[in-house]
Amino acid sequence: MSNKEVKAALKSARDAIRNKEYKEALKHCKAVLKQEKNNYNAWVFIGVSAAELEQPDQAKGAYKKAIELEPNQLLAWQGLANLYEKSNQTDVKGDLAEVYQKLLELYESGDKQKWCDVCNKLVELYHQEKKYLEVAETWQKLIQKKQEEGAEKAELHQLWKKMIQLLKDSTEKQDNKTEQSLVTAFEHALSSADTVPGEDHQSLCKDFIRCLSKFPHETARLEKACNDMMALYPTVSYPLEVLCLHFIQSGTLSEEALHCFSRLLEMDSSSGPGIIGLGIKCLQEKKYKEAVKSLTEGLQKTSQCPAAWRYLAEAQMKIHKHRDAVLACNQALDTIGTAGGPCSQWKNPVLQLKAEALIKIGDADAAEEAIKALDQIVDASSDPVVLALRGQAYLNKGLMDQASKISEELLLSHPNLAESHALEGFIHYSQKNYEQAERSFLNAIERMAETAEYHQYLGLTYWFMSDETRKDKGKALTQFLTAAKLDSYLGSAFCYLGNYYRDIAGDKSRARGCYKKAFELDGTDEESGAVAVDLSMELGDTDTALSILNEVTEKAITGTAKWAWLYRGLYYLRTGQPSKAVADLQAALRADPKDANCWECLGEAYLSRGSYSTALKSFRRASELNPELVYSVYKAAAVEQILGKYKSAIATYQEILKTTEDYVPALKGNRTC
């Protein structure tokens, strides 16, 4: 076949393709290849025809052969690109990207529009594959090309905005280069905006700030972006809210941060970050109850802030609301798990605080949970304070050997650490080795004198060590007073002071004040509340006793606060108010339906009210629960006598006299029947 015949065959192949006669085209191409096996156009036409005949492998092979023959010719690359674009196979995307890159190279000095079209396709491909760095690099080439061509500011502005859209989908997963490309895109988009200030510019500012807040290393840029937006849009609270959240999350509580909190609250008194900031300020100022109130309110509005949950837990710990602190820590950990990123820095501190709260709760179940929390702390084994906490958790769980082992190791490796000596003290105290416990707590106090718990435990050590140390004002009393002074929310310290003033000093008035304070600080300390009421009654201060009881019963939910209902019911019974006594004693029984003494008191209240049938039922119930309550058996017989049930009353009186021959009320009742 001559050159002329080759050209004719190629022309025939081209015409056949134009007429969609692809098999015919293949015949012509094969004829050419018999003569010229390296004919570029023949291989390209085979690629086109095979692709149309749905023979992708043959088409791919033909295009690749053509490329091998003429690597810088466009046709084969274009054909291969078309073939890959139509393919449903996901594994060709990497090959397609390489084809686009070659086409960009070939179009570089030629068709600018086609270069841009291919560039767009390549970016879209990278974006689908979530290859954000390649997206950034390729799109920046496109922008550079447009800049070289003298594109208008408005067109460049739209291109930078498009780059933002392409890159901001997955900011958490980006590497530093991609992160910087996104930041650069925002900065160029902001600088090229037409109207400043304006709606488009304001929206971009918000997006830029939102983006920067996800990058832990861009704090300086974030602060600048927020301040720039505040200067341009002084009535918009968003940048100030983000800045406040940034200060909260970073743990930065500078004057600037406090000023931002105040400024935000002035702008919007209901702002979650602003209220949280106020709570943190209260925490700094040791206004712990106000801190809990503000932080709780702020978190109801801005809940996805682990640092704020951690601050709330810290404030709750300061007022010894340990179970509440555990719940706040759990919320913080849940939020960290959801948010990730910069929030992760709070995980270890939150886990440690949770463990501390669980250890303060003191029971074995809480200790087990504390150990689980400590297990999650990164590098926990190298932190002596965390190890001391683990020792306390083991102690609370009854694992004395493990606790002792940690104590011994800490005393050897960290002899100057207060927590090392305190753990040793807790162990000795639990074993009633009071002299050794005294030495340990004194060593702990020498190293950390401002810890109320150490003074309290030293006071307890003296209290139980001997009568002499209990009565010595310089021992137990001094330590309890110091603990109460160092921590004015430590209810148990005031309870122990009450014990001292009542049992040792014989000062009922001062003891009553301490018990009342202890109960005000810890509403679950029923013993302190009950003693405060008893002492108030003994001192003739009925009003104080009733105010304590009224406050408890007003807050109590059904089935709780038995002691308060019982105390007030007995008061009403003594003061001739039987109907009120009945209501309160019924409430006490809802908390403990098997309290025989309470049923007996209820019987008395019904009897005083003249409700004889219900009184009889109450006395009988009391004697059923406790057959040794002779008085209830007697009162049941007495009520039967009132109701005219003489036969039953006589039988009951005689039954009493069988076991208690000299029970005078029964003798009298038996005679009168």
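The values are calculated or read from the model by the stated rules, or taken from the named source; none is laboratory data. The model shown is predicted, which means the values in this text are computed figures rather than measured ones. Neighbour counts are summed over all protein chains in view; Cβ atoms, including those assigned to glycine, are modelled from backbone coordinates with ideal geometry. What goes into the accessible areas is simple: the full protein's heavy atoms, side chains included, and nothing from ligands, DNA or RNA. Shrake-Rupley method; radii C 1.70, N 1.55, O 1.52, S 1.80 Å.
Brief remarks on what is shown
- Failed item in (1) exposed (fewer than 15 other Cβ atoms within 10 Å of the Cβ); (2) in a helix (DSSP H, G or I); (3) not basic (Lys, Arg), with Thr524 passing the rest: (2)
- Test: residue in segment 177-192 that is more than 17 Å from Glu137 (Cα to Cα) and part of a loop (DSSP other than H, G, I, E, B): yes
- Of the residues making up segment 13-30, those that are surrounded by fewer than 18 Cβ atoms within 10 Å (Cβ to Cβ) and either within 60 Å of the chain's Cα centre (by Cα) or part of a helix (DSSP H, G or I) (or both) number 7.
- A count restricted to segment 43-67 and to residues that are aromatic (Phe, Trp, Tyr) and in contact (Cβ under 8 Å) with a residue 24 or more places away in the chain stands at 2.
- Residue count, segment 208-267 (criterion: within 20 Å of Gly198 (Cα to Cα), in a helix (DSSP H, G or I) and aromatic (Phe, Trp, Tyr)): 2
- Test for Ser381: is it open to solvent by 30 Å² or more (accessible area, probe 1.4 Å), more than 19 Å from the chain's Cα centre (by Cα) and modelled with pLDDT under 95: yes
- Taking the criterion of being in contact (Cβ under 8 Å) with a residue 12 or more places away in the chain and farther than 21 Å from Thr219 by Cα, the residues of segment 146-168 that qualify are Lys146, Glu149, Lys153, Ala154, Leu156, His157, Leu159, Trp160, Lys161, Lys162, Met163, Leu166.
- Count of segment 571-590 residues which are over 25 Å from Glu538 (Cβ atoms) and either open to solvent by 30 Å² or more (accessible area, probe 1.4 Å) or in contact with a Ser or Thr (Cβ under 6 Å, 6 or more places away or on another chain) (or both): 4
For every residue, the table says whether it meets (1) over 24 Å from Leu190 (Cβ atoms); (2) surrounded by 17 or more Cβ atoms within 10 Å (Cβ to Cβ); (3) at pLDDT 90 or above.
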site: Ala231; (1), (2), (3): no, no, yes
site: Thr235; (1), (2), (3): no, no, yes
site: Cys244; (1), (2), (3): no, yes, yes
site: Glu266; (1), (2), (3): yes, no, yes
site: Ser269; (1), (2), (3): yes, no, yes
site: Leu278; (1), (2), (3): yes, yes, yes
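- So Ile406, is it out of contact with any His (no Cβ under 9 Å at 6 or more places or on another chain), closer than 23 Å to Tyr462 by Cα and part of a helix (DSSP H, G or I): no
- Annotation: of all residues in segment 396-442 being farther than 20 Å from Glu468 by Cβ and among the basic types (Lys, Arg), the one that is least open to solvent (accessible area, probe 1.4 Å) is Lys397.
- Qualifying residue in segment 641-655 (condition: at pLDDT 85 or above, aliphatic (A, V, I, L, M) and either surrounded by 16 or more Cβ atoms within 10 Å (Cβ to Cβ) or touching a Ser or Thr at 6+ places or on another chain (Cβ under 8 Å) (or both)): yes
- Condition check for Glu68: under 17 Å from Leu26 (Cα atoms), out of contact with any Lys or Arg (no Cβ under 7 Å at 6 or more places or on another chain) and acidic (Asp, Glu): no
- Any chance Lys354 is surrounded by fewer than 20 Cβ atoms within 10 Å (Cβ to Cβ), out of contact with any strand residue (DSSP E or B) (no Cβ under 9 Å at 6 or more places or on another chain) and within 19 Å of Leu387 (Cβ to Cβ): no
- Meets criteria (assigned to a helix (DSSP H, G or I) and under 34 Å from the mean Cα position of the chain (by Cα)) for Ala449: no
- Close pairs (7 angstrom Cβ cut-off, 6 or more residues apart or separate chains): open to solvent by 70 Å² or more (accessible area, probe 1.4 Å) and at pLDDT below 90 in segment 171-199, part of a loop (DSSP other than H, G, I, E, B) and among the small types (Gly, Ala, Ser) anywhere: Glu172/Gly340
- Members of segment 269-280 found to be more than 10 Å from Ala308 (Cβ to Cβ) and in contact with a Leu (Cβ under 6 Å, 6 or more places away or on another chain), listed by number: Ser271, Gly274
- Matching option when the condition is in contact with a Phe, Trp or Tyr (Cβ under 6 Å, 6 or more places away or on another chain), modelled with pLDDT of 90 or more, at negative phi and aliphatic (A, V, I, L, M), among Ala637, Ala666, Ala615: Ala615
- Number of positions in segment 534-545 that are closer than 24 Å to Arg609 by Cβ and either in a loop (DSSP other than H, G, I, E, B) or open to solvent by less than 30 Å² (accessible area, probe 1.4 Å) (or both): 1
- Residue within segment 595-602 that is closer than 20 Å to Val633 by Cα and in contact with a Lys or Arg (Cβ under 6 Å, 6 or more places away or on another chain) present: yes
So that you can scan it fast, the table gives a plain yes or no per residue for (1) open to solvent by 30 Å² or more (accessible area, probe 1.4 Å); (2) out of contact with any Phe, Trp or Tyr (no Cβ under 9 Å at 6 or more places or on another chain); (3) modelled with pLDDT of 95 or more:
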residue: Lys289; (1), (2), (3): yes, no, yes
residue: Ala307; (1), (2), (3): no, no, no
residue: Ala313; (1), (2), (3): no, yes, yes
residue: Lys321; (1), (2), (3): yes, yes, yes
residue: Ala328; (1), (2), (3): no, no, yes
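- Subset tally (residues that are of a type outside the set (D, E, K, R) and under 39 Å from the mean Cα position of the chain (by Cα)) for segment 500-532: 13
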